[in-house]
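Take a look at the structure set out below.
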Amino acid sequence: MIESAEFLNIKQASAWATAHIGKVVTPSNIAYLINYGRVPKSGDNGGTLIAKRDLIEYYKSYQRETNYKEKLGNDLNWALSFDQYKESETTKHVHRLHPYKGKFIPQLVEYFLDAHTDKFKTEAFFRKGDIVLDPFCGSGTTLIQANELGINAVGIDVSAFNALISNVKIKRVNLVALQNALKEITHWLKAFTAEQSNVELKLN
């Protein structure tokens with residue numbers, strides 16, 4: 001169990017981060033990190049708390065960003081490194097259904113399709129109800145993220161297998177029918193296993 005001392009409120013996090021990186025980090029800076037999902041928040045009786053370990057991980061990325069900008073220049077858009085995401089977050093939900101070497105992470109698509117703006121993306125180009133065409137849709141990442149944002153999407157791919165992957169990911173699923181099918185498969189698998197006379201290898 002995590003000790004309560006490892007959690008900081010916004011003011012404490014501001015003071016800790018300032019000392020940690022040697023640069024002023026205001027409470028507003030910490031609130032920005034929370035609001036934009038850069039660090040997760042934890043609630044405690046209505047208050048906002050941040051785990052110290054999450055701040056440490058975030059500022060590791062910040063220090064990498066600083067190092068790269070010193071080498072490559074301040075026009076580097078570090079947001080597109082998605083350095084703060086774990087592998088499980090970049091292959092969320094249906095994106096993990098089948099391996100595909102040519103795919104990019106869903107956060108990259110979200111960056112260009114969603115309505116946010118920043119100093120690099122100064123204009124939002126898509127709105128809910130628009131239509132996005134992806135003529136080389138691969139495993140369907142763009143189609144899925146467009147749908148998540150309420151944007152219609154059309155995908156084309158020369159590979160029938162890629163089209164199959166994409167269609168499976170975006171197809172409407174009858175969850176009750178799916179659950180029944182899984183129960184039936186499980187039943188027959190257990191029955192099949194019970195009938196086998198294979199001797200298990202046991203290690204001492």
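The values are calculated or read from the model by the stated rules, or taken from the named source; none is laboratory data. This structure is a prediction, so every number in the text was calculated from the model and none was measured. So basically every Cβ, Gly included, is an ideal-geometry build from the backbone, and we count neighbours across all protein chains shown.
How about the range 98-126: which of its residues are exposed (fewer than 12 other Cβ atoms within 10 Å of the Cβ) and in contact (Cβ under 8 Å) with a residue 12 or more places away in the chain? Can you show your working first?
To start, the set of residues in the range 98-126 that are exposed (fewer than 12 other Cβ atoms within 10 Å of the Cβ) comprises 99, 101-102, 115-119, 122-123, 125.
Those that are exposed (fewer than 12 other Cβ atoms within 10 Å of the Cβ) and in contact (Cβ under 8 Å) with a residue 12 or more places away in the chain: Gly102, Ala115, Asp118, Phe125.
Name the pairs: first residue in the range 141-155 and in a helix (DSSP H, G or I) and among the acidic types (Asp, Glu), second residue surrounded by fewer than 23 Cβ atoms within 10 Å (Cβ to Cβ) and modelled with pLDDT of 95 or more, Cβ to Cβ under 6 Å, at least 6 apart or on different chains?
Once the first residue is in a helix (DSSP H, G or I) and among the acidic types (Asp, Glu) and sits in the range 141-155, no partner that is surrounded by fewer than 23 Cβ atoms within 10 Å (Cβ to Cβ) and modelled with pLDDT of 95 or more comes close enough.
Tyr85 passes all but one of (1) surrounded by 15 or more Cβ atoms within 10 Å (Cβ to Cβ); (2) in a helix (DSSP H, G or I); which number fails?
So Tyr85 meets the others, but not (2).
Check the range 161-176 and report whether any residue there is closer than 30 Å to Tyr32 by Cα and in a helix (DSSP H, G or I). Walk me through how you get there before you give the answer.
Step one: list which residues in the range 161-176 are closer than 30 Å to Tyr32 by Cα, which gives none.
The answer is no; no qualifying residue exists.
Looking at this structure, is Thr48 more than 21 Å from the chain's Cα centre (by Cα) and of a type in the set (S, T, N, Q)? Before the answer, list the steps.
Working: more than 21 Å from the chain's Cα centre (by Cα): yes; of a type in the set (S, T, N, Q): yes.
Yes; evaluated as a whole, the condition is true for this residue.
Whether any residue in the range 42-61 is among the charged types (D, E, K, R) and in a strand (DSSP E or B) is what I want to check. Show your work before the answer.
Step one: of the range 42-61, the residues among the charged types (D, E, K, R) are 44, 52-54, 57, 60.
With the extra rule that they be in a strand (DSSP E or B), the set shrinks to 44.
Checked the range 42-61: at least one residue is among the charged types (D, E, K, R) and in a strand (DSSP E or B).
Conditions (1) in contact (Cβ under 8 Å) with a residue 60 or more places away in the chain; (2) small (Gly, Ala, Ser); (3) more than 30 Å from Lys169 (Cα to Cα); (4) buried (at least 16 other Cβ atoms within 10 Å of the Cβ), marked per residue:
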position: Ala15; (1), (2), (3), (4): no, yes, yes, no
position: Thr26; (1), (2), (3), (4): no, no, yes, no
position: Leu33; (1), (2), (3), (4): no, no, yes, yes
position: Gly47; (1), (2), (3), (4): no, yes, yes, no
position: Tyr68; (1), (2), (3), (4): no, no, yes, no
position: Gly73; (1), (2), (3), (4): no, yes, yes, no
position: Arg96; (1), (2), (3), (4): no, no, no, no
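Scan the range 95-138 for residues that are closer than 29 Å to Phe161 by Cβ and charged (D, E, K, R) and report the count. Even if it seems obvious, please write down each step before you answer.
Here is the first cut: in the range 95-138, the ones closer than 29 Å to Phe161 by Cβ are 95-113, 126, 130-138.
When the remaining residues are screened for being charged (D, E, K, R), the result is 96, 101, 103, 110, 130, 134.
Residues flagged as closer than 29 Å to Phe161 by Cβ and charged (D, E, K, R) within the range 95-138 amount to 6.
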